[in-house]
Amino acid sequence: MASRSDAWGTGGVAPRARPPLRWALAWIGAAMDRRAGRARLAELDPRLLRDIGVMPMDALAESRKPWWRC
């Protein structure tokens, strides 16, 4: 089971271990990375998705997640 700190995208560092501004900036950066990755995933064709072991419906569901969700 993933720890709560991993769910925040802070690299395993508990959110309170960093100063608030640094933590917020790290969280925003991770959220932007997720958004970009999901956009790239949405552009892949079914053949490429199969190559990486992802079902097209799973890729669609992942690409439709809001940027703030892990």
Subject >> For region 15-70, accessible area per residue (1.4 Å probe, heavy atoms of protein chains only), Å² >> reply: 79 Å²
**OP:** Place the peptides 21-28, 50-57 in order of packing, highest mean first, counting for every residue the other Cβ atoms within 10 Å and averaging per peptide.
**Re:** 21-28, 50-57
Original post:
Net charge near ARG35, counting Lys/Arg +1 and Asp/Glu -1 over other residues with Cβ under 14 Å of its Cβ?
Top reply: +3
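The values are calculated or read from the model by the stated rules, or taken from the named source; none is laboratory data. Just so it is clear, the model here is predicted, and its values are computed rather than measured. Cβ coordinates were reconstructed from backbone atoms using ideal geometry, including for glycine residues, and neighbour counts include every protein chain displayed. In case anyone asks, the SASA skips ligands and DNA or RNA and just uses the protein heavy atoms, side chains included. Shrake-Rupley method; radii C 1.70, N 1.55, O 1.52, S 1.80 Å.
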